[in-house]
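In what follows, a single structure is set out as structure tokens and then discussed.
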Amino acid sequence: MTRDGHDRLVQAQAALSRSELLLRLADDLAGTTSLLDVRRRVQRLMGSDLEPVYVGLVLAEDDRLRRVIDDEIPRTVETLARQYDVDPHGPTSEAFRRERMVELTDPAALRDGYGDAALAAFTDLGLKSAVCVPLPGVAGPVGVLVLGWDRPHPLDVEERAVLLAVAGYTARAVERAHVLHQRVTVAQQLQRAMLTDLPPVTGLEVAALYRPAMTADLVGGDWYDAYFLDLPEGSGRRPLAVTVGDITGHDMQAATLMGQVRSMLRQADVDHPGHGPATSVTALEHACRLVLPQATGSLVHGHLVPRPDGWELTWTNAGHPPPILVHPGGRAEELTAHDLMLFPTLDPPEGSRRTESTRLLPPGTLLVMFTDGLVESPRVDLDTATAHLLAALSRRAGRPLPGLLEELADEMAVGEGNVDDIVVLAVRVPAG
């Protein structure tokens, strides 16, 4: 092969490699769900072609620019001081304002053009050359992609074209991540708003925890509730309804349905005074069959009634994880009695009805109700996780309730964060 032919072959192979890079990037970025995920995927894919030692993502936010921080990279100017704001007179800001690529190939010129702070950041990252590429959004630039090398790396025409294409794909991924984040934030705010404050209860300690999924792209229909079953008569103890439930789904609809179901169950209790929780859940199911057939899920609903020697718990379980009782001596027990889950469009077997169970909770007893996010993990067997939960509750049964719930959720996450929403409701009969 002639030298000219060899050069053309090399150029063709390089062009093919970069075309494949852009196809992989477009496909990979389509699945991103967070800004950090966008940065990491771009860094991984760009490393196979242009081989930068550093890939940074800087985004426009509230008339400023901020870095997307990745704590997994070595400590640098980005992480050492938790520096989010970008120098308004630096090369990144210039690329953003002027909407053009800014190349940095000479440290001396960098200092003369942008000052000592820019040079210090450049040096701290161990760079000899870099490029700042604006990210073209639908309504203007959304940020800047920064690539840096630990050697001189002047860009040729093809590399500039590749970087412009990469910036376009990255900008689309950033905009999608922003939209998803906004939707999830609104849904989580809606969900939190519907989880009203717990009432102060004479003769009981009551606390609850809601923790959204760590994946940040999930929001669901998990809820807790506690409310009195009758009007106050003096300052004595009053019967209390307690519920933990989970409407099927991880989206805004699930959160909205949760709010409706929660209110309808309250109404069912109000409309059936003197009856047990199974009557109220049956009434809820009948109402959903007529007006809210899509509201499927599970729940545990209980009534706590004061007695001379403690509190009497009567509960019904519609396909939900069993509540746990921690007895005064520290022994943890699952309350395993349960019926079918809430499924309004499914006709119940003929002659069947919701059942109830009753236990007396003497002083020193702790009742814990929770959703499946507390025990379900893709890496942990459910039986193993449940045994872990029982042991953790036995160890912590005497802790103040708010701290107990936080510690419990942290321990059950096994260091990797909860992959689903978590709701926990705890009720303790004081020891004395």
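Here are the numbers:
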quantity	calculated
Net length gained if the chain between Leu292 and Arg66 were fully extended (0.36 nm per residue, minus Cα distance)	76.9 nm
Gain upon complete extension [Ser394, Leu231; 0.36 nm per residue less C-alpha separation]	55.2 nm
Sparse-neighbour loop sites [trypsin sites (Lys or Arg not before Pro); the range 369-432; at most 13 other C-beta within 10 Å; DSSP]	Arg379
Cα point-scatterer Debye curve for the range 276-432, base-10 log of I(q)/I(0) at q = 0.10, 0.11, 0.17 Å⁻¹	-0.40, -0.49, -1.05
Full-extension gain in nm, Val157 to Leu346, via 0.36 nm per residue minus C-alpha separation	61.6 nm
The range 335-413: GluC sites (Glu not before Pro) falling in loop per DSSP and having at most 12 other Cβ within 10 Å	Glu350
Computed E for Ser263/Ala109 - FRET, C-beta separation, R0 60 angstrom, nearest 0.05	0.35
List His388, His303, ordered by accessible area with a 1.4 Å probe, largest first	His388, His303
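The values are calculated or read from the model by the stated rules, or taken from the named source; none is laboratory data. Given the structure is predicted, the values throughout are model-derived calculations rather than measurements. Cβ: placed from backbone, ideal geometry, glycine included. Neighbour counts: every protein chain shown. The protein model used for the area step is the full one, side chains on, heavy atoms only, and it has no ligands, DNA or RNA in it. Shrake-Rupley method; radii C 1.70, N 1.55, O 1.52, S 1.80 Å.
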